[in-house]
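Have a look at the structure below before the remarks.
The values are calculated or read from the model by the stated rules, or taken from the named source; none is laboratory data. Since this is a predicted model, take the numbers as computed values, not measurements. Here Cβ is always computed from backbone atoms with ideal geometry, including for glycine, and neighbour counts include all displayed protein chains. SASA here: full protein model, heavy atoms, side chains in, ligands and nucleic acids out. Shrake-Rupley method; radii C 1.70, N 1.55, O 1.52, S 1.80 Å.
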Amino acid sequence: MVARRRSLGLHAYALTVSAVGLGLLWLLGAGGRLSEVLRLPPVFWALVVCLVVNETAPVLLPRAGSQGATTAETFAFAILLGWGTRAATFALVLGVLVADVLRRAAPEKVLFNIGQYVLVMVLAGGIYEALGGDGTFTARQLPAFAAAALVFFLGNLFLVTVATALAYGRNLVSDLKDCLRVEALPFGMVFGMAPIMLVVAQAQVSLLPLLLLPALAVWVALKTTVQAEERRAAAELATGQAEAVAAEQARLAAAEHELVERLRESDRLKDDLLAAVSHELRTPLAGMLGALATLSAREGQLSDPQRQELVDMAARQGDRLKLQIEQLLLAARLERSGHEPAERPVVDAAALARPGRELVLVAGEPLPVLAAPEAVLQVLGNLLDNAAKHAPDKAPIRVQARRAGALAVLAVEDTGPGIPPADRERVFERFTQLDSGATRRAGGVGLGLYIARQLANAQGGELLATDPTPPGQGARFELRLPMAELAYRRPG
């Protein structure tokens, strides 16, 4: 549909220009005035022949659908300066007609070219005559000649560029700027030779062939300018393509680097996982198997209390092993889905981590939040389990609930060694344990805080390691969740 509208607009424009130009041509020849042109002296016809020859040798400009640029305007303006607008217009029409017929141009294009040149020549001739350019050409007519040449150049440029824009969907203003930059200087040379042509031809017509050499030089200059413009455009295109290739190579290199880093990170995580699993799962497993092996080997030598103690030890180590395996599985599910609510109550999680640990709850008003209860319990359970691992034996763990603006803040605080500020983000990474090594006193595979943060993010909240109260004593983690404000509205 867009192409159809463009085609209709082009045809309407070409028809309008052709009709107006042919109408003006008819007016110029009406009343027997054409016969006056036919009776002009031989020097006039010599210039006409030169015009026709030059019009048939165009230089193609670097624009889609552009007509050829020639030096025919030199001879057309020489005729304008010597014999007036009517003679110049008919001479230019004859040159265009012969050139288009030889090139086998389409009838519509022939009519448009004739109409276009008639329009601009009549307009330029009118300007020339209005400014006093009539009769014998002298230096006093130079301003009128310059104005007429400028009008002819700009008018012709505008008419052709509009046709190109309509035909190829190009930007009119951009094309006009490009054409002015490329064509202004060569065509200034073309028009500048017109007075010289006229003076030489009127003085002695036999010298006119000598002026074809400067005309040829102008034609070569015009062609050189066009070729330079084509090379510049090709160089810009090549530069753009090179920059695009370089940008694509840079993007691919960055993607490759990112992939390598991700693979390295994946390998590091695998190594961390293997190390954590081999150490942490082996410890409770060894304790459980040791207790069962003792029961089996010394069945008849153990008292009932000793036997019960070994059974309890195996059960505790089995529960510890079960908890660690559940954390590994939950972390894997979070990687895939981003959210996996827990099934264990928070009290059970704390009791399972460290039986007998004192919990101090500090809370005021109710704090309804927009979150899944299971997810909140899982986060608090992981925080309590982490606090129980690092706090001194029998030291209480403080749990605080308070409101901070539109957020509910649930804090878990212990009196352990604390977390250096530089490591407060690192503790939420998978398999990260700050006390790893020979000095390590807490168990686990380093997934509790990672799982807690993922669950907090999935509920639209956040989990942070903050400054303890008082500063310098223990570690403090805050779970911040959006408040359910509708719960505070009273019915009216």
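Before moving on, here are some points about what is shown:
- Filter result for the condition that a residue is open to solvent by less than 10 Å² (accessible area, probe 1.4 Å) and not in a helix (DSSP H, G or I), over Gly95, Gly115, Gly125, Gly133: Gly133
- Yes/no for Ala293 being assigned to a helix (DSSP H, G or I), loosely packed, with under 12 Cβ neighbours inside 10 Å, at pLDDT 70 or above and among the aliphatic types (A, V, I, L, M): no
- Scan of region 405-423 for residues that are within 41 Å of the chain's Cα centre (by Cα) and either at pLDDT below 65 or surrounded by fewer than 17 Cβ atoms within 10 Å (Cβ to Cβ) (or both), ordered by number: Gly405, Ala406, Pro421, Ala422, Asp423
- Just one of the listed residues (Ala147, Ala163, Ala105) is open to solvent by less than 40 Å² (accessible area, probe 1.4 Å) and touching a residue at least 60 places away in the same chain (Cβ under 8 Å), namely Ala163.
- Selection from region 460-484 of residues that are open to solvent by less than 30 Å² (accessible area, probe 1.4 Å) and in contact (Cβ under 8 Å) with a residue 60 or more places away in the chain: Gly461, Leu463, Gly474, Ala475, Arg476, Phe477, Glu478, Leu479, Leu481, Met483, Ala484
- Sole exception among (1) open to solvent by 20 Å² or more (accessible area, probe 1.4 Å); (2) at pLDDT 75 or above for Thr85, by number: (1)
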